[in-house]
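Down below is the structure, laid out as structure tokens.
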Amino acid sequence: MITGKYPGLRLRRNRKFSWTRRLVQENSLSPSDFILPIFLIDGINKKEPVNTMPGVYRYSINKLPQIIEKAIKIGIPMVALFPKTKNNLKDAVGSESLNENNLVCKAIVEIKKRYKNQIGIMCDVALDPYTSHGHDGLIKSKQIINDETIEVLINQSLLQAQMGCDVLAPSDMMDGRIGKIRKSLDKSGFQNVQILSYAAKYASSFYGPFRDAVGSKGSLIGDKKTYQMDFKNSNEALREIALDIKEGADMVMVKPGMPYLDIIKSIKENFKIPVFAYQVSGEYSLISNAIKKKLINDDAIYESLVAFKRAGSNAIVSYYADRLDKILI
Ligand code: PBG
């Protein structure tokens, strides 16, 4: 690896001016590398700030064009939709997830009607925005029950596909759901709907602000450690990925992002499949609040995003994606 030695070899020579640094640069970012998450809220003419995430808002359906048009103009390939469901619509089994007039369904229909295939739509498959207990699945005797949950997730997937969702993203971490969802989609004529599996999703403290944004924070009983992964493990992530690929995932996600760059890298080395990173809400809030408090400057955003490319991510889900016109300059 090292071909030479000081003083003959001086690595600083390649760094002396901007033009030479650009010539030897190994990674770069473009808008095509990004997925923009969008929070949805009921009502009209609403653009409501998420207090724990400076610069991020919840949009009512009629306000969506504002952000979608910006995303299209910047050149972002896909948005990810997340609903803040009203508390009176939540119940123990997440019934609202199967309502064809729920926020996500209405948003899909509206975006597809206005923008056709100018931009892709990704939707989470999981019950947590809809359950009164805030968990991703059904509960029986204090356990999150796997196989029964999958049956609901299949119906949620079929409904979202029917509405026009392009990419289904199961984020629930139930065993075996990718295969079952793929099979049901194919049987119903949705062979072309893609599956992006949140395959390596860790039980993490970095999701706090997201749960605030979708309103599941106060309601979450206990933690998600019986289904999301233990952050002490990495081989287990490779097993999760291998299974999901076998079951039919088109792309896989690692989540959170920055504390898990090692996982992204080892997936990339072991599997030749598109790998995405989710720079989650807690990462976003830490960086944004530190910038706001002038603890670090805003170049930290670009640095944090390039890290994902360096580790091997094909794309990055980031709450900064709607401001790439200012970040990627
Ligand atoms: C739901 C889901 C979560 C996130 C995306 N989908 C939260 C969770 O699993 O508790 C987190 C995203 C973020 O923190 O930005 N299953």
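The values are calculated or read from the model by the stated rules, or taken from the named source; none is laboratory data. Keep in mind that this is a model prediction, so the values were computed, not measured. Glycine also receives a Cβ, built like all others from the backbone with ideal geometry; neighbour counts cover every protein chain displayed. The area values use the complete protein model at the heavy-atom level, side chains included, leaving out ligands, DNA and RNA. Shrake-Rupley method; radii C 1.70, N 1.55, O 1.52, S 1.80 Å.
Determine whether segment 83-101 contains at least one residue that is aliphatic (A, V, I, L, M), out of contact with any Phe, Trp or Tyr (no Cβ under 9 Å at 6 or more places or on another chain) and open to solvent by less than 30 Å² (accessible area, probe 1.4 Å). No, segment 83-101 contains no residue that is aliphatic (A, V, I, L, M), out of contact with any Phe, Trp or Tyr (no Cβ under 9 Å at 6 or more places or on another chain) and open to solvent by less than 30 Å² (accessible area, probe 1.4 Å).
I'm checking my understanding of the structure. Among residues of segment 202-218 that are at pLDDT 95 or above and open to solvent by 50 Å² or more (accessible area, probe 1.4 Å), which one is nearest to the ligand (Cβ to nearest atom)? Filtering segment 202-218 for residues that are at pLDDT 95 or above and open to solvent by 50 Å² or more (accessible area, probe 1.4 Å), the one nearest to the ligand (Cβ to nearest atom) comes out as Phe206.
Look at Asn88 and say whether it is at positive phi and over 17 Å from the mean Cα position of the chain (by Cα).
no
Listed by first and then second residue, the pairs linking a residue in segment 178-204 that is over 30 Å from Pro259 (Cβ atoms) to a residue that is part of a helix (DSSP H, G or I) and within 16 Å of the ligand (Cβ to nearest atom), with Cβ atoms under 6 Å apart and 6 or more places separating them unless they lie on different chains, are Lys180/Ile150. Quick one: is Ile145 open to solvent by less than 10 Å² (accessible area, probe 1.4 Å) and away from the ligand (no atom under 16 Å from the Cβ)? Here the answer is no, as Ile145 does not meet what is asked.
Glu110 meets the stated requirement of being part of a helix (DSSP H, G or I), among the acidic types (Asp, Glu) and in contact with a Pro (Cβ under 9 Å, 6 or more places away or on another chain). Among the residues of segment 3-36, which ones are touching a helix residue (DSSP H, G or I) at 6+ places or on another chain (Cβ under 8 Å) and open to solvent by less than 70 Å² (accessible area, probe 1.4 Å)? Passing the criteria: Thr20, Asn27, Ser28, Leu29, Pro31, Asp33, Phe34, Ile35, Leu36.
Scanning segment 37-59 for residues that are of a type in the set (A, V, I, L, M) and surrounded by 15 or more Cβ atoms within 10 Å (Cβ to Cβ) turns up Ile38, Leu40, Ile41, Val50, Met53, Val56. The criterion of at least 2 residues that are within 12 Å of the ligand (Cβ to nearest atom) is met by the following helices (runs of 4 or more DSSP H) wholly inside segment 219-329: 281-292.
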